[in-house]
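Worksheet: the structure to be examined is printed underneath.
The values are calculated or read from the model by the stated rules, or taken from the named source; none is laboratory data. Please read these numbers as outputs of a predicted model, since none were measured by experiment. We place every Cβ from the backbone using ideal geometry, glycine too, and count neighbours over all the protein chains shown.
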Amino acid sequence: MNLHHRSCHRPRGKNLGVPELIAIALGGMVGGGIFTILGVSVSMIGAYTPVAILIGGLLAAMAAYSYIKLGVFYKDEGATYSFFKRTFHRSHFAAALIGWWVIFGYISTLALYAYTFASYAISGLPIGDNEWLRKAVAGAVILVFTLINVWSVKGMGKVEDLMVYTKLVILVVISFVLINHSSTSLPVLFDESADFNFFSILIVSSITFVAFEGFQLVINAVNEMETPERNIPRAIYTAILLAALIYLVISLGAILAIPFDDIIQNQEYALASGANEVLGHWGTDLIILGALLATSSAISGTVFGASRQMAVIAADGYFPSLLARRVGHIPVNAIITMSLLAFLLVLVGTLQEILEFGSITFLLVSLLMAVANYRIRRQTGSSTLTTLLTIAGLALGTVLILFYEASNQPRQLIFIVLLYALLSAGSWLYSTIRKRRNQKPPGPLSTM
């Protein structure tokens, strides 16, 4: 759900066609996720990584169903937060909870992309494995895009377009070059990975779900498109399919050309780790360039879009009012706060903790969207069976991550549970304050 700001630079009267909407969604989804999830996935299920990616794409399509139905019904560019608030309009806690979860989901992806940017940026240095150097570089790239968003956003739409299309071309080139240099075959790899079961594949599909967040950015542009009833579903489903195919081809190329040991040992920059021996120096440089472009694009879009949504939620009373203040149209306080919290998450969390927190958050948020759609399924014209299957699939994905954490990484589970406890406490506090404010009787009328 990384907020891309492309649509924000479109003049209000200009209509967006399906190709442009697909580009918006792809810009949000293909933002560095594949560079992040590849190493984690291969370390857990080996050659079955492409299978997990396809299942993740199916799960994303299921999640998209409710977003599309709600988006067409409400036609509200506020998307996730607005949909839930309007569906459960009598509950301040529901509005606050979805607001806090959505924003901190964006903060986790900002941290994830910054961490990945740093990992690839220093991967060629002798001290490229230094964890604190990686965190420092991650903080520096967050700072750069924070300053850009605070000082000037004019023209960033064009820069963003260039980054989106360039990174897609580079990813496709990387994929086919890797496949062309394959040193083994899938049957051999499947034999070597025979000890993995379907349950493990489902767990990885859930853990890597964050790589597909971003499709709902199409809904943010609902006021700038014609016939949303037709264009929203076409754009979102096509973008998910294309993202899944891009991820599939890249993962195939990686597992066929790069030894698993190299990918697993260097999870943070898996594609670059073994590419030097396979593709030579130019191939490694191309992969690093693709990773830096992809993550930069994602960081820029997340800082821009999510900070504005944070300001809207703050204006509704569910975040500190300070975050709603703007200088001109720029929510400076929200931008700075988001960036500081993302850097804090980079400092205290590992790559896998950030990845899993992001995936759990977006699974939960998507689950809440499905529940909202089920509640008003007659108004949205949704299939009861499809909506229930979506709820079941997203709930299963969430449970699988938690089960994996409890069985294998209990300390990580504690870290994630503590984060959710803090988010829930914060949303409860601000929903209570907002409720009391609404119940407060007006003061006496002054007399002249």
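Taken over the stretch 217-230, the criterion of being modelled with pLDDT of 80 or more and more than 13 Å from residue 20 (Cβ to Cβ) is satisfied by 219, 227, 228, 229, 230.
Among the residues of the stretch 236-245, is any more than 16 Å from residue 64 (Cα to Cα), modelled with pLDDT under 85, of a type outside the set (Gly, Ala, Ser) and part of a helix (DSSP H, G or I)? Checking the stretch 236-245: not a single residue is more than 16 Å from residue 64 (Cα to Cα), modelled with pLDDT under 85, of a type outside the set (Gly, Ala, Ser) and part of a helix (DSSP H, G or I). Test residue 346 against the criterion of being farther than 25 Å from residue 82 by Cα and modelled with pLDDT of 90 or more, and give yes or no. In short, yes. The test for being closer than 24 Å to residue 296 by Cα, surrounded by 24 or more Cβ atoms within 10 Å (Cβ to Cβ) and small (Gly, Ala, Ser) holds for residue 41. Assess whether residue 113 counts as being part of a helix (DSSP H, G or I), more than 17 Å from residue 208 (Cα to Cα) and modelled with pLDDT under 90. Against the criterion (part of a helix (DSSP H, G or I), more than 17 Å from residue 208 (Cα to Cα) and modelled with pLDDT under 90), residue 113 does not qualify. Does at least one position in the stretch 394-407 carry a residue that is more than 20 Å from the chain's Cα centre (by Cα), crowded, with 20+ Cβ neighbours inside 10 Å and under 21 Å from residue 91 (Cβ atoms)? There is no residue in the stretch 394-407 that is more than 20 Å from the chain's Cα centre (by Cα), crowded, with 20+ Cβ neighbours inside 10 Å and under 21 Å from residue 91 (Cβ atoms). Considering 34, 53, the condition of being closer than 14 Å to residue 241 by Cα, under 16 Å from the mean Cα position of the chain (by Cα), assigned to a helix (DSSP H, G or I) and β-branched (Val, Ile, Thr) is satisfied by 53 alone. Exactly one residue among 191, 195 is free of Cβ contacts under 8 Å to residues at least 12 places away in the same chain and in a helix (DSSP H, G or I), and that residue is 191.
This table checks each residue for (1) of a type outside the set (S, T, N, Q); (2) under 23 Å from residue 308 (Cβ atoms); (3) in contact with a Lys or Arg (Cβ under 7 Å, 6 or more places away or on another chain).
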{"residue": "55", "(1), (2), (3)": "yes, no, no"}
{"residue": "58", "(1), (2), (3)": "yes, no, no"}
{"residue": "70", "(1), (2), (3)": "yes, yes, no"}
{"residue": "78", "(1), (2), (3)": "yes, yes, no"}
{"residue": "83", "(1), (2), (3)": "yes, yes, no"}
{"residue": "95", "(1), (2), (3)": "yes, yes, yes"}
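Each row is one residue, and each column tells you yes or no for (1) among the hydrophobic types (A, V, I, L, M, F, W, C); (2) crowded, with 22+ Cβ neighbours inside 10 Å; (3) out of contact with any strand residue (DSSP E or B) (no Cβ under 7 Å at 6 or more places or on another chain); (4) more than 27 Å from residue 121 (Cβ to Cβ).
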{"position": "243", "(1), (2), (3), (4)": "yes, yes, yes, no"}
{"position": "251", "(1), (2), (3), (4)": "no, yes, yes, no"}
{"position": "254", "(1), (2), (3), (4)": "yes, yes, yes, no"}
{"position": "288", "(1), (2), (3), (4)": "yes, no, yes, no"}
{"position": "291", "(1), (2), (3), (4)": "yes, yes, yes, no"}
{"position": "303", "(1), (2), (3), (4)": "yes, yes, yes, no"}
{"position": "309", "(1), (2), (3), (4)": "no, yes, yes, yes"}
{"position": "314", "(1), (2), (3), (4)": "yes, yes, yes, yes"}
{"position": "324", "(1), (2), (3), (4)": "yes, no, yes, yes"}
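Whenever a residue of the stretch 367-381 is more than 16 Å from residue 392 (Cα to Cα), its partners that are hydrophobic (A, V, I, L, M, F, W, C), lying with C-beta atoms within less than 7 angstrom and at least six residues away or across chains, give the pairs 379/73; 380/70; 380/73.
Applying the condition of being under 13 Å from the mean Cα position of the chain (by Cα) and modelled with pLDDT of 70 or more to the stretch 18-31 and asking which residue is nearest to residue 120 (Cα to Cα) yields 30.
Look through the stretch 116-132, keep the residues that are part of a helix (DSSP H, G or I) and in contact (Cβ under 8 Å) with a residue 24 or more places away in the chain, and return whichever of them is surrounded by the fewest Cβ atoms within 10 Å (Cβ to Cβ). Looking at residues that are part of a helix (DSSP H, G or I) and in contact (Cβ under 8 Å) with a residue 24 or more places away in the chain, I get 121. Does the stretch 69-77 include one or more residues that are out of contact with any helix residue (DSSP H, G or I) (no Cβ under 8 Å at 6 or more places or on another chain) and among the acidic types (Asp, Glu)? Within the stretch 69-77 (the criterion being out of contact with any helix residue (DSSP H, G or I) (no Cβ under 8 Å at 6 or more places or on another chain) and among the acidic types (Asp, Glu)), the answer is no, since none of the residues qualifies. With respect to the conditions (1) farther than 24 Å from residue 167 by Cβ; (2) buried (at least 24 other Cβ atoms within 10 Å of the Cβ), residue 258 falls short on a single one, namely (1).
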